[in-house]
Ligand code: ZN
């Protein structure tokens, strides 16, 4: 039996963090503890039993400056330039190697089936879904996709917000709806089909609205936004409109609650004084729109400002307590914590 409060998390950026610390050689630091939002001790303390580990190729940008801009009452960060495959692939391989190193150290297990994930959620170690946030490292012949699939890749976002050969993403813009430009390219449409054929989840988070509808038209799998919130509560370009939530519901898909304060707060600012009850307000809304079987978590640990009261992965029990305080029963808590993610991955990977 998987414990009711064991968490499956739809997004973290610890591979990027480890990449900045030296890549595979820094993997031990995940085991002993990092100055960040997720590592092995914090995951164990918070009951995080499995999750998506994102491979992400960073642009040469000043994260601190971007974060400072996002603390303003309104902002529109310019999107970084595209990154060619030749530059992106070595970075993606280094982060993949870090994930393999973490598996070798026994800190996690790369899972490609829901049976493996269930086993991890029940008995440990952390179950890791290899995810790629932005397809910069994927050539249009899909050779690197095939090789990464063999290494365990089971989830892919055609874009992080920066444009790729495959499509266009939403900028970090507030206030703004997600209808910010053109959608998928022809190569992007081919990528979605290829992912469907392989059983790779196509992540809708970060796509703009046109891209979202392109995927919705092509994809044969349930629609999943791994780490996005409700636009009705926070008018950020990264959040999902009611129409998008309806489409996710109709496909029997899932949206993962993003803990980043800029996507939670009504004023869209990346400030940390956010009550945990605000996270539950987004959950309430997502449950109302999507139904109880289509909402999960997608924390964005190590990728964003967390609510101060939550802090990091060790703070997950505080969120679960807030859900209890709101009247969520054990069955609903188990669904949101891990059951819904297992359901949608089962449907996606075997489709
Ligand atoms: Zn993201």
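No lab work stands behind these numbers, since they all come straight from the coordinates. All values derive from a computational prediction rather than experimental measurement. Cβ placement follows ideal geometry from the backbone for every residue including glycine, while neighbour counts extend to all protein chains displayed.
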- Give me the distance in nm between label points sitting 7 Å out from Cα along the Cα-to-Cβ direction at residue 115 and residue 266, one decimal. 5.0 nm
- Order by protection proxy (mean Cβ within 10 Å, highest first), peptides 261-267, 271-277: 261-267, 271-277
- Beyond 38 Å, what share of the Cα-Cα pairs of the chain remains, rounded to the nearest whole percent? 6 percent
- Cα Rg, Dmax, segment 127-280, angstrom units: 15.3, 47
- Two-site label geometry, residue 232 and residue 122: point separation in nm, points 7 Å out along Cα→Cβ: 3.8 nm
- Query: In the Gaussian network model of the chain, springs joining C-alpha atoms below 10 Å, which of 135, 92, 314 carries the largest mean-square fluctuation?
  - Reply: 314
- Query: Efficiency by 1/(1 + (r/R0)^6): what FRET value for residue 308 and residue 86, r their Cβ-Cβ distance, R0 = 45 Å, to the nearest 0.05?
  - Reply: 0.65
- Query: GNM, the chain, Cα, under 10 Å: largest mean-square fluctuation among 163, 78, 125?
  - Reply: 78
- Message: Between residue 140 and residue 76, what's the calculated FRET efficiency when r is the beta-carbon distance and R0 is 35 Å? Round to 0.05.
- Response: 0.70
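Find, to one decimal place in angstroms, the Kirkwood hydrodynamic radius of segment 76-163, where the mean of 1/r is taken over every pair of different Cα atoms and then inverted.
On the way: mean 1/r = 0.0706 Å⁻¹.
It works out to 14.2 Å.
May I ask what percent, to the nearest 5, of DSSP beta bridges between residues of the chain are antiparallel?
10 percent
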- Query: What spacing in nm lies between the two simple spin-label points modelled at residue 25 and residue 69, each 7 Å away from Cα in the Cβ direction?
  - Reply: 3.3 nm
- Considering the chain as a Gaussian network with a 10 Å cut-off on Cα pairs, which listed residue, 81, 282, 131, attains the greatest mean-square fluctuation? 81
- Query: What's the Kirkwood radius of segment 224-351 in Å, using all Cα pairs?
  - Reply: 14.5 Å
- Note on the structure: PRE zone check, label point 7 Å out along Cα-to-Cβ of residue 346, amide N under 11 Å, scope segment 99-123, hits 114-115, 118
